[in-house]
Amino acid sequence: MLKIKNTLSFAALICGLLICFNAPAAAQGFIPPGSYKSSCVLGADPKFLAFYNTQNIGYTDVVIAETAKLNSKPFVRRVMINAAYKKTMGRPPTVGDYAYWEPRTEYFTQIVDAARAYLYSPNGANDLAETVKRALSSNMSGEPTSAQIKSAIVKYTPNKTIFDEM
C-alpha cells in the first residue's frame, strides 16, 4: 500500500497537475525555468520545488515527468480513474473500466473527456440514461420517471453534460 508522508504536498501536487492540464496548452510551456516557487500551489514539498528550480526545463517538462511518476503508482492511478468516473457518470468504475484505463497513460481531464464522448455516443446510450437517472435522483425525492429521464437527456445532449454538471 502507498504510504503518503505529507498529505498536503501530495494534494498540492495533484491539484497543480489538474490545474495545469486544464490550462490552455499554449500557456503551459511559457512559464520560465526557475519560476516554480511562485507558480506552484501553496504547501508543495520544498524538495520538489528545490529540485525543479535547479533544472533548466519548462513547466510542461515538469508536468510530463510528474505525470509519468503518478501513472507508475497503481494505487494513485486507480484513485484518479475513480474520481473521473464519479465526476462524469456519478458512479465508481466497473472492473472492466479499471482494466481498460489502468494500463493506459491518459490523465484525469483526458479520461473525463473520453467518458463525456462515450456517454453521448451510440454505445453509451444506456450509461447516459443511467447517469441522468442518478443525477435526477440526487436532485429530487424519489425515482425519476422515464419521461423525466428522456426529457433531461434531450436537455443535456446539446452541451454533452456530464453528471457533475447536471
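Nothing in this text is a laboratory measurement; each read-out follows from the coordinates by a stated rule. Keep in mind that what you see is a predicted model, and the values were worked out from it rather than measured. Because the Cβ atoms are built from the backbone with ideal geometry, glycine has one as well, and the counts that use them run over all protein chains shown.
What does the charge dipole of the range 74-165 about its Cα centre add up to, to the nearest 20 debye, if the Cβ of each Lys and Arg holds +1 and the Cβ of each Asp and Glu holds -1? Could you put the intermediate results ahead of the total?
Working: 12 positive and 9 negative charges, 16 e Å.
Dipole size: approximately 80 debye.
Could you give the length gained by full extension between Asn82 and Glu143, i.e. 0.36 nm per residue of separation minus their alpha carbon distance, to one decimal place? Display every interim value, and only then the final one.
Values: separation 61, 0.36 × 61 = 21.96 nm, distance 2.48 nm.
The Asn82-Glu143 span can extend by a further 19.5 nm.
List the aspartates and glutamates whose Cα sits under 19 Å from the Cα of Lys133, skipping any in the same chain fewer than 8 residues away.
Glu143, Asp164, Glu165
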